[in-house]
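Before any comments, here is the structure.
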Amino acid sequence: MRVEFKQAARDDVTAQFRYYLEQASPQVALRFRERVKSTVSALGQNPCIAPIFPAGDPDLVEVRSWPVAGFDVIRLYFMLTSEAMVIIRVLHGKRNVRTILRREVR
């Protein structure tokens, strides 16, 4: 399945990469970036294994989530279309995920 990243999701990955680069180490930052790529690649083979995000919001009923391998507190949030898996955001679980996603899908 084709994978598309919304600009906000690309920005999320860049921001998290920079955070790890500054607060952890270059190795952690590079590992994070590679794990995002490998998680997206694996998920693209069977995206329906990811559960629907339990938001309790009718605007978010199509959003699915899946953890980034090795960085389980950071999740990919995506929707499926007939043609692609669209990554909406890549967010740390401590963020206000529901509010952020509502802004993205409306």
Selection from the stretch 1-10 of residues that are among the basic types (Lys, Arg), surrounded by 12 or more Cβ atoms within 10 Å (Cβ to Cβ) and not in a helix (DSSP H, G or I) | LYS6
Among ARG95, ARG102, which is assigned to a helix (DSSP H, G or I) and either under 23 Å from GLN16 (Cα atoms) or in contact with a strand residue (DSSP E or B) (Cβ under 9 Å, 6 or more places away or on another chain) (or both)?
-> ARG102
Subset of the stretch 80-99 that is in contact with a Leu (Cβ under 9 Å, 6 or more places away or on another chain) and modelled with pLDDT of 95 or more - its residue that is farthest from SER41 (Cα to Cα) | LEU91
Does the stretch 55-63 contain at least one residue that is in contact with a helix residue (DSSP H, G or I) (Cβ under 9 Å, 6 or more places away or on another chain), assigned to a helix (DSSP H, G or I) and modelled with pLDDT under 95?
-> yes
Residue set VAL40, VAL36, VAL86, VAL13; condition surrounded by 15 or more Cβ atoms within 10 Å (Cβ to Cβ), outside any helix (DSSP H, G or I) and touching a residue at least 40 places away in the same chain (Cβ under 8 Å); output residue VAL86
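Looking at the structure I just gave you, is GLN27 part of a helix (DSSP H, G or I), modelled with pLDDT of 95 or more, out of contact with any Leu (no Cβ under 7 Å at 6 or more places or on another chain) and surrounded by 15 or more Cβ atoms within 10 Å (Cβ to Cβ)?
Values: part of a helix (DSSP H, G or I): yes; modelled with pLDDT of 95 or more: yes; out of contact with any Leu (no Cβ under 7 Å at 6 or more places or on another chain): yes; surrounded by 15 or more Cβ atoms within 10 Å (Cβ to Cβ): no.
Taking the combined requirement at face value, the residue does not satisfy it.
On the given criteria, is ASP72 among the acidic types (Asp, Glu), over 20 Å from GLU4 (Cβ atoms) and touching a residue at least 40 places away in the same chain (Cβ under 8 Å)?
Judged against the criteria, ASP72 is not a match.
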Which of the residues that make up the stretch 78-93 are touching a helix residue (DSSP H, G or I) at 6+ places or on another chain (Cβ under 6 Å) and within 12 Å of ALA9 (Cα to Cα)?
-> ILE87, ILE88, ARG89, VAL90, LEU91
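The values are calculated or read from the model by the stated rules, or taken from the named source; none is laboratory data. Keep in mind that what you see is a predicted model, and the values were worked out from it rather than measured. Note that each Cβ is placed from the backbone with ideal geometry, even for glycine, and that neighbours are counted across all protein chains shown.
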